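Values quoted throughout were computed directly from the atomic coordinates according to the rules given, and no laboratory measurement underlies them. Keep in mind that this is a model prediction, so the values were computed, not measured. Using ideal geometry, Cβ is built from the backbone for each residue, glycine included, and neighbour counts are taken over all protein chains shown.
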Amino acid sequence: MKRKVLNRRQLWRQQKIQSERLTRAEKINAELDHAIQDGHLSDEQTGWVIAHFGKLIDVQTQTGALIQCHLRQNIEAIVTGDKVAFRESQDGKGVVTALFPRISLLARQAGLRQKPMAANITQALVVMAKLPVPTPIVLDRYLVALNLLNLTPVIVVNKADLLEAADPLFEWACTLIGCTTRSKQYFGRPIWCGKIIAH
């Protein structure tokens, strides 16, 4: 696809917006540096990112408390699951000061670069149900991605009591679990068989 050519006014506007964003980011960083130097922030603590809201993240401390933290501009993209160092302010908010090395990273391709989605994953559940109708290609993509992270996924077949013998998902689940009778008795209770749960 041919890239759109911008006129002079559009280029000027784009540069102006970029300049304003950089100025704003530098101001926020200066304020955070000032707060750190003045001692308005606590000593560094460690925690895990459990939610991400634009430039704010929720960090769970080692005691289980939730702290809403600002992100510094000089730290790479932080995602859910990252272990971070942060400093808490007197108003109960915090500032992320460092990112610890990641054990694993789940990312998706975004053009020529990878966009991180989650980090430090130790367990993965792939949930499927009768509706919406599961797509084998999507399942394959999940399984390949999790295999690249050296994770053994658990496939959860939810609402298995709604399955009928003619359903492709029923046939597929029976094949994976190893049912030879194609009977619903396997699906009447939660089963953990070959990393597949029918629930």
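Highest average first, the peptides 93-99, 6-12, 114-120 ordered by how many other beta carbon atoms sit within 10 Å of their residues are 93-99, 114-120, 6-12. In angstrom, the C-alpha Rg and Dmax of segment 70-110 are 12.1, 40.
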